[in-house]
Amino acid sequence: MDSSLIDQIRRSNDIVDVIGSYLRVKRQGSAFLALCPFHNDSHPSLNISPQKQIYKCFACGKAGNVITFVQDYEKLSFIEAVKKLAQRVGIIIPEREQTKVVSTKRELLLQVYRSAKDFYANNLFQYGSHVLEYLQNRHISPETAKALELGYALNSASGLKSHLLKEAYGVDILKECGLLSNVQGNLIDQFQERLMFPIHNNTGEVIAFSGRVLEGSTDNRKYLNSPGTELYTKGNELYGLHKTKYNVAKEECAIICEGNIDFLRLYESGVTNAVATLGTAMTDNQIYLLGRYTPHMVMLYDGDLAGRKAALRAALLILSKGFAPRIALLPEKEDPDSYLLKHSKEDLLKLVTAARTVIAFMADDTSLEIGTQDKIEQLTDAIRQVRDPIQKEFLLKDIAEAFFISEGSLRQKLRQGSRMHTPLSTPTDEAEACPEERLLLILTLKDEENYNLLAHELSADYFLNDNYKQIYRYLTAQDRAADLSEPARLLDQVENTALREQLADLLFEELPEISFGQALHEVIVRKLQHEIEVLDRRIVTEPNNRELFKQREALSKQVNELIPHVTTDLIE
């Protein structure tokens, strides 16, 4: 694709707007912050520079521009990400630019699932009158069914298989897609005579299905779910998040329920900041996924004892990750579905507003039959894992007040039961190794004249730090002076992810209080001193080699000329 067209597409997509369409973004000074989606982040580590149109996570090191963000977030090729961004801003790519992209296995699976979703959705309205009647009896409208792309799996062993074969998908991908079962060498539809719930990832791609049994079926499995594939890992996704994520961020609160039908009822009733855990216990990955959009999460589980216990387990896990969970209490025999069939949306939202913090809930609740000592143990186990020391202080204070105990005894409890906690791995601080080389590169990236001097005065050998040496080689492999004024463009052509992250790290740095000439001087001197050190080690092993002494003398003379105030004795 022509580089000028890529430039146009990149410049037309503001990085803050694009990242903001995926994540909850907040301004901080002249920059913007968000929870990093590339590691389990509970405190905003992703820094976004609107001036430079680049981003950098200072926890995990991930960095790039608007194209690489979409590429990494949606797991697309570079060209696929460019095309997606072009479509976003209405830029039409000319026919001659329609570069053919060879589909990866993941993309092929996504195509299969899109085709299956369309097939099931069409069946619902063409052949599924009894399924629509079932939904109507449960007060789920056709509009909601269409909005969430519900479908119907025919009462047939080969309905979907025939459809996919007609769509020209090969047998190999059909065997791997998880939608067909191999029975005595024959592929048959895994889902038959079921109401189909497509499961989307948070970007809206269909990656799995859940099928609910219909009345009259002899299958005793109420729900049947897709197996794990390259697209789908159980416990990583939240049902409905692709539809509600914007409202979750807008409302600064996520309502979490347990199942598809509960979510449908909430969505039907106009509660559009909810998600469902797909009937499984809450997982770390689901928490961090939801945490990208809001730190505030309300557990709206069934009102019976089992539901309350499940809500507490989930809330304690959320608390341990540094987020802010609360527990909403439904009447004992109600779930969100049944409650909303009897009460209004406003009544439910009152329960959500009245939701208790985990600490308050545990201090006051007697239905769980947990002793006070046990409650304090569970809470201290959770907050022991909270990384933010200030948040931990507030939580300790809340526990002390709720249970009428001293903060000192709680701190002692934390120390006694402390566990070895592996901190989040952070990239090596390259500033500690050859800092003069780092300063030189930062200054080079700020000014075209500096760049030209660097390319003219030095070679790669002057960089002792391997990472900085790679950056020098990238910068000087071709003339990139014109790219310095547009950092986002400079990152476009870096295929090596690690190199791109290191370069972005340098681009984020402010101008250091040192001149380019001084930094260049220090790098040259450091290189000569290093060569002297190497010669000294050789001289120890080859004391009769006069050539080594001559080389050392010549290098010492160069250093003395560069540093006139340093005596020969000090260098030697």
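Computed from the coordinates by the stated procedures, all read-outs in this text should not be read as laboratory data. Just so you know, these numbers come straight off a predicted model, no measurement behind them. No Cβ is skipped: glycine too gets one built from the backbone with ideal geometry, and neighbour counts run over all protein chains shown.
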Task: Helical mean residue ellipticity (222 nm; -39500 (n - 2.57) per DSSP H run of 4+; nearest 500) of the chain - done: -15000 deg cm²/dmol
TODO: Pull out the extension gain between Ile370 and Ala498, defined as 0.36 nm times the separation in residues minus the alpha carbon to alpha carbon distance; nm, one decimal.
DONE: 41.1 nm
Task: Virtual spin-label span in nm between Asp388 and His521, 7 Å along Cα→Cβ - done: 4.6
TODO: Based on other C-beta atoms within 10 Å, arrange Tyr127, Tyr339, Tyr169 from fewest to most.
DONE: Tyr127, Tyr169, Tyr339
TODO: Before anything else, pin down the relative contact order of the chain: Cα pairs under 8 Å, at least 6 apart, normalised by residue count, whole percent.
DONE: 10
- [ ] Express in nm, to one decimal, how much length is gained between Lys550 and His43 on full extension, taking 0.36 nm for each residue of separation and deducting their alpha carbon distance.
- [x] 176.8 nm
Task: Out-of-range pairs (alpha-carbon distance over 22 Å; input Lys105/Lys245; Lys146/Lys245; Lys245/Lys321; Lys83/Lys175) - done: Lys105/Lys245; Lys83/Lys175
- [ ] Report, to two decimal places, the Cα Rg of the range 370-420 normalised by 2.2 N^0.38 Å (N = number of residues).
- [x] 1.04
TODO: Pop a pseudo-label 7 angstrom from the Cα along the beta-carbon direction at both Asn452 and Val183 and give the gap in nm to one decimal.
DONE: 7.6
Open item on the list: Hydropathy at least -0.5 by Kyte-Doolittle, axial extent at least 20 angstrom from the Cα trace: which helices of the chain, defined as entire DSSP H runs, fit?
Closed with: 305-320, 389-403, 516-541
- [ ] Rank by packing, highest mean first: peptides 493-502, 40-49, with packing defined as the count of other Cβ atoms within 10 Å averaged across residues.
- [x] 40-49, 493-502
- [ ] May I ask you to derive the relative contact order of the range 430-571, considering only C-alpha pairs under 8 Å and at least 6 residues apart, and to give it as an integer percent?
- [x] 26
- [ ] For an R0 of 41 angstrom, estimate the FRET efficiency from the Cβ-Cβ distance between Thr353 and Asp14 and round to the nearest 0.05.
- [x] 0.70
Task: For the range 241-355: rounded, prolate or oblate by the Cα gyration tensor [a/c cutoff 1.5] - done: oblate
Open item on the list: Using the crude model of +1 on Lys and Arg Cβ and -1 on Asp and Glu Cβ, and no other charge, please compute the dipole size for the range 301-390 relative to its Cα centre, in debye to 20.
Closed with: 340
Open item on the list: Whole angstrom only: what separates the Cα centroid of the range 129-153 from the Cα centroid of the range 475-519?
Closed with: 54
- [ ] Starting from the Cα of Ser344, step 7 Å along the direction of its Cβ; do the same at Lys166; then give the gap between the two resulting points in nm.
- [x] 4.8
- [ ] Give me the number: length gained by fully extending His139 to Leu5, i.e. 0.36 nm times residue separation minus the C-alpha to C-alpha distance, one decimal in nm.
- [x] 43.2 nm
Open item on the list: Looking at the calculated P(r) for the chain, what percent of the C-alpha pair distances fall above 37 Å?
Closed with: 49
